[in-house]
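Beneath this line is the structure, given in structure tokens, with notes to follow.
The values are calculated or read from the model by the stated rules, or taken from the named source; none is laboratory data. Keep in mind the model is a prediction, meaning the values are calculated, not measured. Note that we place each Cβ from the backbone using ideal geometry, even for glycine, and neighbour counts take in every protein chain shown. In case anyone asks, the SASA skips ligands and DNA or RNA and just uses the protein heavy atoms, side chains included. Shrake-Rupley method; radii C 1.70, N 1.55, O 1.52, S 1.80 Å.
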Amino acid sequence: MNKKNHASIEASEKLVKAGIMLKTDYVWYPESTIYNDVWIFSTYNQFKDECSENDPYIPAPCFTEVWRELPEQCDGEYLKMFEDQGKTFCGYGEYTSIGHINPTNALIELLIWLKGKEK
């Protein structure tokens, strides 16, 4: 599996901290409550089978799960996405995300910006 198709743990945490909880096929969950700095990447179904329903997890969206949350236009500007020197950028009009090696992380940054703009 190409890990660039899914959000990193850092980008996934940013989504949750921004109050954006997406329903996803994959999740990040801590290996144990003692060592919560080690995160496991797995399917949501595997997580449910191995953990209790009260155990913490962070949704790990894939590219398309984030993409479908973004509107085609914002303030009359179309969504754009491009790659430059191995990094992916996306945005609307004047706003362009910071370049990310992981394209899903670039989309997450844009989604967080957009939800913040709506508030």
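Some notes on this structure:
- Probe 1.4 Å, all protein chains present, accessible-area order of Lys48, Lys23, largest first: Lys23, Lys48
- Under the convention that each Lys and Arg Cβ holds +1 and each Asp and Glu Cβ holds -1, the size of the dipole of the range 57-119 around its Cα centre is about 180 debye.
- Relative contact order of the chain, defined on C-alpha pairs under 8 angstrom at six or more residues apart (%): 27
- Within a Gaussian network of the chain (alpha carbon springs, distance under 10 Å), most fluctuating of Gly76, Gly91, Gly19: Gly76
- The residues of the chain expose on average 63 square angstrom of accessible surface per residue, using a 1.4 Å probe on protein heavy atoms.
- The chain - mean residue ellipticity at 222 nm from DSSP helices (-39,500 (n - 2.57) per run, n ≥ 4, rounded to 500): -9000 deg cm²/dmol
- The accessible surface of the range 38-88, taken with every protein chain in place and a 1.4 Å probe, is 44 percent carbon and sulfur.
- Taking Cα centre as origin and charging only the Cβ of basic (Lys, Arg, +1) and acidic (Asp, Glu, -1) residues, the dipole magnitude of the chain rounds to 160 debye.
- Whole-Hz couplings from phi, Karplus 6.51/-1.76/1.60, listed for the range 11-23; x for Gly and Pro: 5, 4, 5, 4, 4, 5, 4, 7, x, 9, 10, 9, 7
- Pairs of Cα atoms farther than 18 Å apart, the range 69-115, %: 18
- Within the shell of other residues whose beta carbon sits under 12 angstrom from the beta carbon of Glu31, the net charge comes to -3, with Lys and Arg scored +1 and Asp and Glu -1.
- Among the protein heavy atoms, those of Glu83 account for about 130 Å² of accessible surface (1.4 Å probe, every chain in place).
- Each residue of the range 60-72 was assigned a 3J(HN,Hα) from its phi angle through the Karplus curve 6.51 cos²θ - 1.76 cosθ + 1.60 (θ = phi - 60°); the sequence is 10, x, 8, 3, 5, 5, 7, 3, 5, 7, 8, x, 5 Hz, with glycine and proline shown as x.
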